[in-house]
Amino acid sequence: MEGLSKKEMEVVANLEFRRKYYFTKEDIAKYFDSDSKMRFTIFKLHKKDRIVKLNRNKYFLVPVKAPASKWTDNPFIIADEIMNGKYYFIGGWSAANYWKHTNQVPMQVDIWTTRRQGKVKVLNSEFVFHRTTKKRIKKMVTTRKIKEHNFKIIKSDEAKKWVRGR
């Protein structure tokens with residue numbers, strides 16, 4: 001890979017070798033003497049479009065095989081990684097489409113969570129965050145799997161009720 005320093009190449013190569021495309025600072029800390037060197041390397045990799053920041057401490061490694069440094073993953077997996085697998089569920093048209101209650105292809109992924117609000121675009125997918133309670137999350141959620149990766153989605157019957165209400 002042209003344009004990467006030795007240290008950047010080492011980090012990217014090891015993450016690629018381990019197929020660890022979603023990683024945290026703790027996962028790469030062993031390659032650095034200090035926290036400041038690690039932060040600077042993360043900054044440089046982000047600037048060179050080799051990594052994408054998902055949340056405060058989680059990143060996505062753009063694979064070497066990606067054409068023109070553009071890559072994406074399943075939006076449900078990205079949502080789970082953004083939320084660190086806790087206190088959320090995927091709902092709205094995305095869930096209705098997943099459960100085959102609609103043929104409409106969703107333009108965004110609606111995420112109900114206890115933590116954040118607003119919109120964010122990550123890896124060419126738009127995520128809209130809505131507030132909810134932990135009680136509602138426990139009541140309405142089921143865990144599913146895509147490519148050996150778990151994610152939380154609203155139950156099928158709840159998604160059907162949501163579609164009827166539209």
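The values are calculated or read from the model by the stated rules, or taken from the named source; none is laboratory data. From a predicted model like this one, the values you see are computed outputs, not experimental measurements. Backbone-built Cβ (ideal geometry, glycine too); neighbour counts: all protein chains shown.
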### Query
Of the conditions (1) outside the structural domain of residue 22 (by TED's automatic domain parsing); (2) crowded, with 20+ Cβ neighbours inside 10 Å, residue 85 fails just one. Which one is it?
(2)
### Task
Take the residues in the range 110-137 that are aliphatic (A, V, I, L, M) and farther than 19 Å from residue 162 by Cβ, then tell me which one is modelled with the lowest pLDDT.
123
### Query
Can you name every residue in the range 83-100 that is within 16 Å of the chain's Cα centre (by Cα), more than 14 Å from residue 130 (Cβ to Cβ) and touching a residue at least 40 places away in the same chain (Cβ under 8 Å)?
85
### Query
What number of residues within the range 121-166 are without any contact (Cβ under 8 Å) to a residue 24 or more places away in the chain and within 18 Å of residue 52 (Cβ to Cβ)?
3
### Task
Looking for whichever is surrounded by fewer than 18 Cβ atoms within 10 Å (Cβ to Cβ), on the phi < 0 side of the Ramachandran plot and hydrophobic (A, V, I, L, M, F, W, C) here; the options are 29, 96, 79, 68. Which one fits?
29
### Summary
Checked 29, 79 against criteria (assigned by TED's automatic domain parsing to the domain that holds residue 125, at pLDDT 90 or above and not β-branched (Val, Ile, Thr)); the one match is 79
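Scan the range 101-119 residue by residue and report those that are free of Cβ contacts under 8 Å to residues at least 24 places away in the same chain and in a strand (DSSP E or B).
Of everything in the range 101-119, those that are free of Cβ contacts under 8 Å to residues at least 24 places away in the same chain and in a strand (DSSP E or B) turn out to be 110, 118, 119.
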